[in-house]
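For reference, the structure discussed in these notes is given below.
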Amino acid sequence: MAIIPFDDRDGFIWMDGKLVEWRQATTHVLTHGLHYGSSVFEGERCYAGKIFKSHEHNVRLHKSAELLGFDIPYSVEELEKAKYEVLHANNITNGYLRPVAFRGSEMMAISAQHSTVHVAIAAWEWPSMYSMEAKMKGIRLGMAPYKRPSPETEPVASKAAGLYMICTISKHAVEKQGFDDALMLDYRGYLAEATGANLFLIIDGEIHTPTPDCFLNGITRQTIIALAKQLGYNVHERHIQPEELARVQEIFLTGTAAEITPVSEVAGQKFTPGIITQSLIEAYTALTHAHTKTAAA
Ligand code: PMP
């Protein structure tokens, strides 16, 4: 498959308050965000013209920046307007949005108190591609070489670019072994999450998910917990030991990009995606498309 580079596409990107031609949405190589990781971002999906949990993503972008010590120079309402401007300018109804905010070039040192903050929002087509049948085959996870660090080590609730360094290294390591993604333990050895998605386990008809005390409490994760409770499932948020995988029947990941992705293997241990995973996929699909249904008569 030919790869179309992300810097060489047609369309428009919103940058610092206005739409610019896609290839002109550039920044200087001496940018604090690039050298020191002072960058935060979002990943969002638009379904049939409506951004799912858009407000929550705007709020999280603000919070991520605040945790890194900078302010986003656009309000939640301004971000909301900008995101729809980008979608309309690129004629996207089913797609992915990538807002990013980073410190600029005024200061090239660790301290960057007087740097300006830049914000860009890109979007591209990304329909949900897989049929239920293909999805339910599940993906294979290998064990990540890195662990999610303690909250004393990094601002774990920030969706900060720098926190993805160990995710990319881990994902590459397991891809070399033939797996699709990496399962990360946390600094205590508990199950944590995948490299870009949260983790759910089904044990004897009940749903268990790791407590998000050292990784992102995903917006999809929170949505799935609420949906599962509405569907009548018991949901347990707790610390989970890797040995407990022996008692697990179904596993799935959740995330904006991953949506609900069933898992068929964790480093040699096999699982069969089943009815609970499928019922949640159906409920999540219905929720993301709820605005397309006309009200019942
Ligand atoms: N953990 C990590 C490391 C992620 O990158 C993501 C994707 N943003 C998630 C969890 C899931 O978050 P969300 O459901 O808000 O997309």
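The values are calculated or read from the model by the stated rules, or taken from the named source; none is laboratory data. Everything quoted here is computed from the prediction, not taken from an experiment. Neighbour counts are summed over all protein chains in view; Cβ atoms, including those assigned to glycine, are modelled from backbone coordinates with ideal geometry. These accessible areas exclude ligands, DNA and RNA; they are computed on the full protein's heavy atoms, side chains included. Shrake-Rupley method; radii C 1.70, N 1.55, O 1.52, S 1.80 Å.
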Condition check: touching a Phe, Trp or Tyr at 6+ places or on another chain (Cβ under 8 Å), within 30 Å of MET108 (Cβ to Cβ) and touching a residue at least 40 places away in the same chain (Cβ under 8 Å). Does ALA65 satisfy that?
no
Does GLU265 count as acidic (Asp, Glu), open to solvent by 10 Å² or more (accessible area, probe 1.4 Å) and touching a Lys or Arg at 6+ places or on another chain (Cβ under 8 Å)?
yes
Report the residue count in region 240-259 for those that are within 22 Å of the chain's Cα centre (by Cα) and farther than 12 Å from LEU199 by Cα.
2
Restricting region 221-252 to residues that are in a strand (DSSP E or B) and open to solvent by less than 80 Å² (accessible area, probe 1.4 Å), which is farthest from THR285 (Cα to Cα)?
ARG238
Every residue from region 177-194 that is among the charged types (D, E, K, R) and either closer than 22 Å to SER264 by Cβ or not in a loop (DSSP other than H, G, I, E, B) (or both)
ASP180, ASP181, ASP186, GLU193
Please work out which residue is farthest from the ligand (Cβ to nearest atom), limiting yourself to region 192-221 and to residues that are more than 18 Å from the chain's Cα centre (by Cα) and not charged (D, E, K, R).
GLY205
Residue within region 160-176 that is in a loop (DSSP other than H, G, I, E, B) and either under 22 Å from ARG98 (Cβ atoms) or in contact (Cβ under 8 Å) with a residue 24 or more places away in the chain (or both) present:
no
Would you be able to tell me the number of residues in region 263-297 that are within 16 Å of the ligand (Cβ to nearest atom) and not in a helix (DSSP H, G or I)?
1
Considering only region 240-271, how many residues are touching a residue at least 60 places away in the same chain (Cβ under 8 Å) and more than 24 Å from PRO127 (Cα to Cα)?
4
What is the one condition in (1) farther than 23 Å from THR254 by Cβ; (2) within 16 Å of the ligand (Cβ to nearest atom); (3) open to solvent by less than 10 Å² (accessible area, probe 1.4 Å) that THR31 does not satisfy?
(2)
Looking at region 167-174, can you tell me whether even one residue there is at pLDDT below 95 and not aliphatic (A, V, I, L, M)?
no
Does PHE70 qualify as being modelled with pLDDT of 95 or more, assigned by TED's automatic domain parsing to the domain that holds THR31, open to solvent by less than 40 Å² (accessible area, probe 1.4 Å) and closer than 21 Å to HIS28 by Cα?
yes
Considering only region 34-61, state which residues are closer than 15 Å to GLN222 by Cβ, free of Cβ contacts under 8 Å to residues at least 60 places away in the same chain and either more than 16 Å from the ligand (Cβ to nearest atom) or hydrophobic (A, V, I, L, M, F, W, C) (or both).
VAL59
What is the number of the single condition among (1) under 20 Å from GLY274 (Cβ atoms); (2) of a type outside the set (Ser, Thr, Tyr); (3) open to solvent by less than 30 Å² (accessible area, probe 1.4 Å) that GLU193 does not meet?
(1)
